[in-house]
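Enquirer: Structure provided below as structure tokens; questions to follow.
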Amino acid sequence: MKRWTWLLMTFCSALATSCLTPRSGVSSSLGAVELGNARSTKADNPFTGARFFINPAYVESVEAAAAADQAYGELLMKVAAFPTAFWLDDIDALQNLSTVLDQALEQQAKTAQPVVPVFVVYNLPNRDCAAASSNGELTIEGRGEERYRTEYIDVIESQFRAHGSQRIVAIIEPDSLPNIVTNMTVPKCAASKEVYLRSVAYAISKLSMPHVYLYLDAAHAGWLGWEGNRAGASRVFRHVLNLAGGIDKIRGFATNVSNYTPLYENEGGRLDSSNPCPNEMTYVKELADDLEDVGIENPGFIIDTSRNGRAGIRKAWGSWCNIKGAGLGERPRVSPAELVDAFFWIKPPGESDGTSDASAPRFDPSCQSSDSAQGAPQAGQWFQSFFVELARNANPPL
Ligand code: BGC
């Protein structure tokens, strides 16, 4: 096995695990990607001149966590002031979608300023194909692809359409396209490839509207940072955007979703110097160049800073599950750096990455790695002791 292939096997995100071979499978299996004329993504940053939506349901979780902790209750309560994304992680979650949109509209009416909710569209058939902890409700066998369209995306579309006076941000399918770039030797990922491509393109084509700003998931530095992976990913993104009807359907890309890669520190240099992107800011800059090479111009980026405040806490860059010693990162903020539309807490701090109980369904061995906090509940469930650690380790401090 070549060294680079071996190295890439160890890197992944918090939502999927092993990242195998890079570029080789991409261009050949996609065929020639039609580049056409270079065109720009949707022009404006949706957060400019707006306020972030504070999700009352998340505030309740934080209040309950604070009430349950005598020593750090006051510190924990501070987290309630910050916005987090609302994950549409199954068909059932759509029951709350119009309520959330209405709540954002109410906040907007009070201040006469746009209030922007951020949603994560996360229910692909065969979801999380390279890992176990976030496997979803739909499979490619049976009617998964059809149900994704009719019972999931079409429902979101009609809700978004019914709320045309609000700016809405949606992050599209974390871990889906990056798995196509690096994980085609994982049988479940190989079997899912065409469905992922079609389904993500369908989601983009349906959800792109003048008031809706879409960001495609672009993994993080420790997964796609290598030249070959970045180039391969850019071609996959371009291919999907062609299928979806054009580059201007999206505003840009979301990176570091649910992961722990720091913004500026030289974490990658310590973990693997063969990766030219030692941190998330470098990755975003390099990826923007690769995207331009395939005609995707001027994308805006959202970087998930929910849990990347402390660098140097993992022994392997591929560790992604409830990393011990993690701390809240930069607070959500508009236009914090060149190319970046916002730092944002996409993963709600306190929600688990996956169960550490080997006998539970959806157990992934990564959640028992020596980098991972133990006693963890299922992905998405509240993990109290981890939440307390995140708040105590916040950098900048709360
Ligand atoms: C889980 C989702 C959850 C999300 C945010 C994912 O890992 O699979 O169910 O909503 O994390 O916590």
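Enquirer: Would you calculate the convex hull of the Cα atoms in segment 146-248 and tell me its volume per residue in Å³? Before the final figure, lay out each step's value.
Expert: Details: hull volume 9.8 nm³, N = 103.
That works out to 95 Å³ per residue.
Enquirer: Of the heavy-atom accessible surface of the chain (probe 1.4 angstrom), what whole percent is carbon and sulfur? Show your work: numbers first, answer last.
Expert: Values: 7140 of 14260 Å².
Roughly 50 percent, rounded to a whole number.
Enquirer: So which of Lys188/Lys315; Lys324/Lys347; Lys42/Lys206; Lys285/Lys324 end up more than 19 Å apart, counting from Cα to Cα? Show your work: numbers first, answer last.
Expert: Values: Lys188/Lys315 27 Å; Lys324/Lys347 16 Å; Lys42/Lys206 15 Å; Lys285/Lys324 28 Å.
Lys188/Lys315; Lys285/Lys324, as the Cα separations exceed 19 Å there.
Enquirer: With unit charges on the beta carbons (Lys and Arg positive, Asp and Glu negative) and the dipole taken about the Cα centre of segment 27-392, which residue among Val33, Ser385, Trp223 sits farthest to the positive side?
Expert: Going by the charge dipole, the pick is Val33.
Enquirer: Taking the Cα centre of segment 27-392 as origin and charging only Cβ (+1 Lys, Arg; -1 Asp, Glu), how large is the dipole, in debye to the nearest 20? Please list the in-between numbers first.
Expert: Values: 32 positive and 45 negative charges, 58 e Å.
Dipole magnitude for segment 27-392 comes out near 280 debye.
Enquirer: Then there's this: Based on Cβ point charges of +1 for Lys and Arg and -1 for Asp and Glu, what charge dipole magnitude is obtained for segment 296-398 about its Cα centre, in debye rounded to the nearest 20? Intermediate results must be reported in sequence, preceding the final value.
Expert: Values: 10 positive and 11 negative charges, 73 e Å.
In total the dipole reaches around 360 debye.
Enquirer: For Glu34, put the label point 7 Å out on the Cα→Cβ axis and report which residues of segment 245-265 keep their amide N under 18 Å from it.
Expert: 245-250
Enquirer: Rounded to the nearest 0.05, what FRET efficiency do Trp382 and Ala162 give with R0 = 45 Å and r taken as the Cβ-Cβ distance? Could you check? Show your work: numbers first, answer last.
Expert: On the way: r = 31 Å, r/R0 = 0.69.
So the FRET efficiency works out to roughly 0.90.
Enquirer: Still on this model: What ranking, highest mean first, results for peptides 271-280, 42-51 when packing means the other Cβ atoms within 10 Å averaged over each residue?
Expert: Working: 271-280: 19.9, 42-51: 16.5.
Highest-to-lowest ranking by the protection proxy: 271-280, 42-51.
Enquirer: Working only with C-alpha atoms, what are the Rg and Dmax values of the chain, expressed in angstrom?
Expert: Both quantities, over Cα of the chain: 19.4, 60 Å.
Enquirer: Full extension from Glu137 to Ala337: what is 0.36 nm times the residue separation minus their Cα-Cα distance, to one decimal in nm?
Expert: Details: separation 200, 0.36 × 200 = 72.00 nm, distance 3.74 nm.
Residue separation times 0.36 nm, minus the Cα-Cα distance, leaves 68.3 nm.
Enquirer: Roughly what would the spin-label model give for Lys110 and Asp154, points 7 Å off Cα along C-beta, in nm?
Expert: Each label point is offset 7 Å from its Cα along the Cβ direction, giving 3.7 nm.
Enquirer: What is the packing order of peptides 196-205, 348-357, taking the mean over residues of other C-beta atoms within 10 Å and listing the highest first?
Expert: Put in order of decreasing packing, that is 348-357, 196-205.
Enquirer: Scattering from the C-alpha atoms of segment 331-398 alone, worked out with Debye: what is log10 I(q)/I(0) at q = 0.12, 0.19, 0.20 1/Å?
Expert: Scattering profile of segment 331-398, log10 relative to I(0): -0.41, -0.80, -0.84.
Enquirer: A follow-up question, please. Given the whole protein assembly as supplied and a 1.4 Å probe, what does the accessible area of Lys188 come to in Å², nearest 10?
Expert: Number for this one is 70 Å².
Enquirer: Just to confirm my numbers, what's the Cα centroid distance between segment 94-138 and segment 310-380 in Å?
Expert: A separation of 19 Å, based on Cα centres.
Enquirer: Calculate, for Ser273 and Gln374, the FRET efficiency according to 1/(1 + (r/R0)^6) with r their C-beta to C-beta distance and R0 41 Å; round to the nearest 0.05. Walk me through the numbers on the way to the answer.
Expert: Numbers: r = 31 Å, r/R0 = 0.75.
Taking R0 as 41 Å, the efficiency between Ser273 and Gln374 is 0.85.
Enquirer: When you count, for each residue, the other Cβ atoms within 10 Å and take the mean per peptide, how do 91-99, 325-333, 137-145, 227-235 rank with the highest first? Could the numbers behind the result be given before it?
Expert: Numbers: 91-99: 13.7, 325-333: 21.1, 137-145: 16.8, 227-235: 22.8.
Ranked by mean Cβ neighbours within 10 Å, highest first: 227-235, 325-333, 137-145, 91-99.
The values are calculated or read from the model by the stated rules, or taken from the named source; none is laboratory data. Every value quoted in this text rests on a predicted model; they were computed, and no experiment measured them. Note: ideal-geometry Cβ built from the backbone for every residue, glycine included; neighbour counts use all protein chains shown. Remember, those area values only see protein heavy atoms, side chains included, never the ligands or the DNA or RNA. Shrake-Rupley method; radii C 1.70, N 1.55, O 1.52, S 1.80 Å.
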